Amino acid sequence: MITASASGKIILFGEHAVVYGQPAIAVPVEQVATTVQIEQGTKGIWIDAPGISLSADLSTLAATHPIKKVILDFFELTNIPQTALKIQVTSTIPIASGLGSGAAVSVALLRGLSLFFKITLTAEQINAIAFEAEKIHHGTPSGIDNTVIAFSRPVYYIKNQRLETFTVKRPFHILIADTGISALTKVAVGDVRALVERDPIVYGNWIEQIGQIVSSAKTCIEDGELIELGSLMTQNQTALSHLTVSSPELDTLITTAMSHGALGAKLSGGGRGGNCIALVDESSIEKVTAELLKAGAKNVVHTLIT
Ligand code: PMV
């Protein structure tokens, strides 16, 4: 039996605007992950994914099922004949919560299949297949989720452009707080698109402002300017609220983090639920975590961005 995994991710800056060609910054989050175990089966390809209540033979899944798409794309790319397999998918990444659960399943599956069949797939190949599955999850994805997870490194991402990374001058602490509410990215992205089409000047302007915030945030990360970075996070949240992708639960957690010493806070990912992130000094990690839990966060994960 082989085991492979893929981390979760957070978007530090730029979600939604990235769909319109603006830059965004995302980093892997190793504290949460999807794990895939693959062994020889007896008949067909059997998938067990208890997190999404899936226990089925691959052939019975719709062609548009993202797991089926990834596995069939793997066999097509590699020209390996299909054999009987038993595949188990488990994950500590909450579903539909902005932490990249869908992309992590795709990347973990592809890493697992390439290990099982002893062939090398490049990160680019894994990324390309995972992107096709993202289209099923998201409709019109920017590709940021699959990219940051497939390459396992921080990215300064612009759709359809060569991958850029960045250096972190002063490592910084991020708390990731889960509202416990799952929300479909596809719906939020579709709603933002409707707003932009209805009023391109007003909403296009928010999207451009987010792009400028992201570009300044990259400079702050490279220069170690954490106070300014926090302020940019909060400005990014204001713009996201105007795009209608925040929610009362996210707002409560963001306000809580800010009133207990966070340097900045915003939602992360598709929004409307899912997770928010707060930039905190090392000295306030414990206090802010406790307050977030008191304010209703279902879980708080601490990660250090280096
Ligand atoms: O999958 P999520 O919820 O982390 O959202 C991805 C980020 C969006 O910008 C909202 C969509 C996209 O495709 O970039």
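Just for strands (runs of 3 or more DSSP E) wholly inside region 1-84: which have at least 1 residues that are within 16 Å of the ligand (Cβ to nearest atom), aliphatic (A, V, I, L, M) and over 21 Å from G271 (Cα atoms)? Even if it seems obvious, please write down each step before you answer.
Details: elements: 2-13, 24-40, 45-49, 54-57.
The strands (runs of 3 or more DSSP E) meeting that bar are 2-13.
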Practice item. Taking I277 as meeting all but one of (1) within 16 Å of the ligand (Cβ to nearest atom); (2) of a type in the set (V, I, T); (3) farther than 17 Å from I11 by Cβ, write down the number of the exception. Key: (3)
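For (1) in contact (Cβ under 8 Å) with a residue 40 or more places away in the chain; (2) of a type outside the set (A, V, I, L, M), each residue gets a yes or a no:
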position: V189; (1), (2): yes, no
position: P200; (1), (2): no, yes
position: Y203; (1), (2): yes, yes
position: I210; (1), (2): yes, no
position: L229; (1), (2): yes, no
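From L243, L253, L293, grab the single residue that is surrounded by fewer than 19 Cβ atoms within 10 Å (Cβ to Cβ) and either on the phi < 0 side of the Ramachandran plot or in contact with a helix residue (DSSP H, G or I) (Cβ under 7 Å, 6 or more places away or on another chain) (or both). Quick ask: steps written out before the conclusion?
On the way: L243 fails: surrounded by fewer than 19 Cβ atoms within 10 Å (Cβ to Cβ); L253 fails: surrounded by fewer than 19 Cβ atoms within 10 Å (Cβ to Cβ).
Exactly one of L243, L253, L293 is surrounded by fewer than 19 Cβ atoms within 10 Å (Cβ to Cβ) and either on the phi < 0 side of the Ramachandran plot or in contact with a helix residue (DSSP H, G or I) (Cβ under 7 Å, 6 or more places away or on another chain) (or both), namely L293.
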Check your understanding: In region 275-297, is there at least one residue being polar (S, T, N, Q), over 16 Å from I181 (Cβ atoms) and touching a Gly at 6+ places or on another chain (Cβ under 9 Å)?
Key -> yes
Exercise for review: For region 96-125, name all the residues that are assigned to a loop (DSSP other than H, G, I, E, B) and either under 16 Å from V36 (Cα atoms) or among the charged types (D, E, K, R) (or both).
Suggested key: G100, F117, K118
Review point. Pick from region 164-222 the residues that are under 19 Å from S246 (Cα atoms) and polar (S, T, N, Q): which of them is surrounded by the fewest Cβ atoms within 10 Å (Cβ to Cβ)?
Key: N205
**Study point:** All positions within region 178-196 that are assigned to a helix (DSSP H, G or I), among the small types (G, A, S) and within 11 Å of the ligand (Cβ to nearest atom)
**Key:** A188, G190
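Report yes if L85 is free of Cβ contacts under 8 Å to residues at least 60 places away in the same chain, over 30 Å from T234 (Cβ atoms), surrounded by 15 or more Cβ atoms within 10 Å (Cβ to Cβ) and not basic (K, R), otherwise no.
Values: free of Cβ contacts under 8 Å to residues at least 60 places away in the same chain: yes; over 30 Å from T234 (Cβ atoms): yes; surrounded by 15 or more Cβ atoms within 10 Å (Cβ to Cβ): yes; not basic (K, R): yes.
Judged against the criteria, L85 is a match.
Take the residues in region 119-155 that are hydroxyl-bearing (S, T, Y) and within 14 Å of the chain's Cα centre (by Cα); name whichever of them is surrounded by the most Cβ atoms within 10 Å (Cβ to Cβ).
Narrowing region 119-155 to residues hydroxyl-bearing (S, T, Y): 120, 122, 140, 142, 147, 152.
Those still in the list that are within 14 Å of the chain's Cα centre (by Cα) too: 142, 147, 152.
Working: S142: 26, T147: 23, S152: 13.
Of everything passing the filter in region 119-155, S142 is surrounded by the most Cβ atoms within 10 Å (Cβ to Cβ).
Go through I10, I45 for me and flag whichever is closer than 30 Å to T219 by Cα, β-branched (V, I, T) and either at pLDDT 95 or above or surrounded by fewer than 22 Cβ atoms within 10 Å (Cβ to Cβ) (or both).
When all the criteria are applied, what remains is I10.
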Point to revise | Residue list for region 193-227, filter: within 15 Å of A26 (Cα to Cα) and of a type in the set (G, A, S) | key: G211, S215, S216, A217
Check your understanding: Does at least one position in region 217-226 carry a residue that is within 18 Å of K9 (Cα to Cα), assigned to a strand (DSSP E or B), within 20 Å of the chain's Cα centre (by Cα) and modelled with pLDDT of 95 or more?
Key -> no
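Working only within region 71-105, note down all residues that are more than 27 Å from G273 (Cα to Cα) and among the aliphatic types (A, V, I, L, M). I'd like the intermediate steps shown before the answer.
So the first thing to find is which residues in region 71-105 are more than 27 Å from G273 (Cα to Cα), and the list is 71-88.
Passing the criteria: I71, L72, L77, I80, A84, L85, I87.
Going through region 279-292 one residue at a time, which ones are within 22 Å of the chain's Cα centre (by Cα) and more than 17 Å from V32 (Cβ to Cβ)?
Let us first name the residues in region 279-292 that are within 22 Å of the chain's Cα centre (by Cα), namely 279-280, 289, 292.
The answer is L279, V280.
The values are calculated or read from the model by the stated rules, or taken from the named source; none is laboratory data. None of the values given here were measured: they were computed from a predicted structure. Glycine gets a Cβ as well: all are built from the backbone with ideal geometry, and neighbour counts include every protein chain shown.
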